[in-house]
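Single-structure report; data block below.
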Amino acid sequence: MFDIDQAQIISFYDKFVAPWSIKILIALLIFLVGQLVAKIISRVLGKVLGRTKLDSILVEFIQSLVNALLLVFVIVAALDQLGVNTNSVIAVLGAAGLAIGLALQGSLQNFAAGFMLLIFRPFKGGDFVEAAGVAGIIEKIGIFSTTMHTGDNKEVIIPNGAIYSSNIINYSKRATRRIDMIFSIGYADDIRLARDVMDAIIKADPRVLADPEPLIAVGELGPSSVNFFVRPWVKTEDYWTVKFDLTEKIKIAFDENGITIPFPQMDIHWNKP
């Protein structure tokens, strides 16, 4: 049997157990307290930024980023308390980050694009936009991708890099929009009557703005019709309802006033020998 002297046990306890117990306890305390402080700081930062004009999505992104950075510092401080060479740890993390970065260039591109989208804010949650060949309402701008849903309620997830590298059309950015419509009448119809009919319908709609003034003009003489360019201005949220309503009302008014909307036609002259 092993003959262990009590003095050796006390010496081992004094040299190893007690110091390491204290170090582990302090390191654990640093980690727990640091984690709590990081959470409190990120929450306070979120409340402060929430009172500004920054988009809520950007506020959440900054909150998460600050919390992650603070946690890294807390972990490094806890390891330092345990006697771990933090310089080596930082160097290893840096090398690993470089290797991961080279392997995930596409993901880093999406991350950078997402950060730029949140900073420059070409759109925000709830905006109707067209980007990367997709038109829909923005639901969420994430770190790597943006989620939107289309008019037929399909969810589309687009990498941020594809959005940032393409043209972005934001239909919700401005308070007003112009409706561009073309109405065709026959050459035998009275263009003055057609203009008066369309003008009366447009002025009777309270959703059509008086300033800028609506435009009704003969835009072109087509092969088989006289084409009117009709350009009323409305509030952005009224765009589609006004467009649909005016199209229906003008068609009904044309029918009531005997104004024709001609089909495409062609005159053929046949010289009989």
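Taking loop as defined by DSSP and a crowding limit of 11 other beta carbons within 10 Å, which trypsin sites (Lys or Arg not before Pro) in segment 147-182 fit?
On the way: sites: LYS154, LYS173, ARG174, ARG177, ARG178; in loops: LYS154, LYS173, ARG174.
When the trypsin sites (Lys or Arg not before Pro) of segment 147-182 are filtered for loop state and at most 11 Cβ neighbours within 10 Å, LYS154, ARG174 remain.
Size of the dipole of segment 123-170 about the Cα centre, Lys and Arg at +1 and Asp and Glu at -1 on the beta carbon, nothing else charged, in debye to 20?
Details: 3 positive and 5 negative charges, 24 e Å.
The calculated dipole for segment 123-170 is roughly 120 debye.
Ranked for footprinting exposure by Cβ neighbours inside 10 Å, fewest first, HIS269, HIS149 give HIS269, HIS149.
Expressed in whole Å with the largest first, what are the equivalent ellipsoid semi-axes of segment 123-170 derived from the C-alpha gyration tensor as the square root of 5 times each eigenvalue?
14, 12, 10
Could you work out the local net charge near ILE216, counting Lys and Arg as +1, Asp and Glu as -1, over the other residues with Cβ closer than 12 Å to its Cβ?
Values: positive: ARG192, ARG195, LYS203, ARG231; negative: ASP196, ASP199, GLU213.
Summing Lys and Arg as +1 and Asp and Glu as -1 gives +1.
Within straight-line reach of LYS23, meaning a Cα separation under 25 Å, sit the following lysines at least 8 residues removed in sequence or on another chain: LYS15, LYS39.
Could you put TRP270, TRP240 in order, starting from the residue whose Cβ has the fewest other Cβ atoms within 10 Å? Don't skip to the end; give the middle numbers.
Working: TRP270 4, TRP240 12.
Going from sparsest to densest Cβ surroundings: TRP270, TRP240.
Stretching the chain fully between LYS23 and ASP180 yields a gain of 49.2 nm (0.36 nm per residue, less the alpha carbon separation). Binning the alpha carbon pair distances of segment 176-256 at 5 angstrom intervals from zero yields the distribution 3, 15, 28, 26, 16, 8, 3, 0, expressed in whole percent.
Values quoted throughout were computed directly from the atomic coordinates according to the rules given, and no laboratory measurement underlies them. From a predicted model like this one, the values you see are computed outputs, not experimental measurements. In this analysis, Cβ positions are derived from the backbone assuming ideal geometry, glycine residues included, and neighbour counts consider all displayed protein chains.
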